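Below: the structure, in structure tokens.
The values are calculated or read from the model by the stated rules, or taken from the named source; none is laboratory data. Quick caveat, the model's predicted, so the values are computed rather than measured. All Cβ positions, even for glycine, are placed from backbone atoms using ideal geometry, and neighbour counts span all protein chains on display. These area figures cover heavy atoms from the full protein model, side chains too; ligands, DNA and RNA do not enter into them. Shrake-Rupley method; radii C 1.70, N 1.55, O 1.52, S 1.80 Å.
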Amino acid sequence: MPTIRFETTDRDVPFPEGDEVNLLRVAIRNDCGVPFKCASGNCGTDRVRVLAGAENLIPSRKRERERLGELVAEGYRLACQTYVCGDVTIAWDPDQKELEAQGRVYDKLKQVWLSKEDTE
């Protein structure tokens with residue numbers, strides 16, 4: 001049986017062979033302590049670092065790559081956006097907060113908001 005190792009909280013959670021499971025859902029259901037806020041890939045609170053088994057994760061999606069930016073190259077993933085199909089070991093900072101807003105949509109909204117403040 002493949003296993004997800006939650007290094008930060010010293011938990012191992014097996015799942016059925018042949019399944020593809022969502023990392024955050026497994027963490028929540030098994031009280032593994034991965035921090036999260038929105039569970040939709042927007043806040044970045046559930047970022048985890050893959051210590052082993054990256055080959056057993058589905059490739060990161062556009063939303064995840066945009067949200068994490070350069071952290072992807074350092075081995076980080078968003079638990080809510082990550083699906084596991086084999087053994088993997090992850091860790092995270094238990095005190096981490098959401099990532100600062102970034103990306104094109106945020107920048108565009110910020111420009112609109114700032115321009116409205118200038119006219120008021």
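Among the residues of the stretch 42-92, write down those that are part of a helix (DSSP H, G or I), without any contact (Cβ under 8 Å) to a residue 12 or more places away in the chain and either of a type outside the set (A, V, I, L, M, F, W, C) or surrounded by 16 or more Cβ atoms within 10 Å (Cβ to Cβ) (or both).
Taking the stretch 42-92 as the starting set, the residues that turn out to be part of a helix (DSSP H, G or I) are 54-56, 62-74, 79-81.
If we keep only those that are without any contact (Cβ under 8 Å) to a residue 12 or more places away in the chain as well, we get 62, 65, 70, 73.
The answer is 62, 65, 70.
Mind checking which residues of the stretch 14-33 are among the aliphatic types (A, V, I, L, M) and either on the phi > 0 side of the Ramachandran plot or open to solvent by 10 Å² or more (accessible area, probe 1.4 Å) (or both)?
Listed by number, the residues that qualify are 21, 26, 28.
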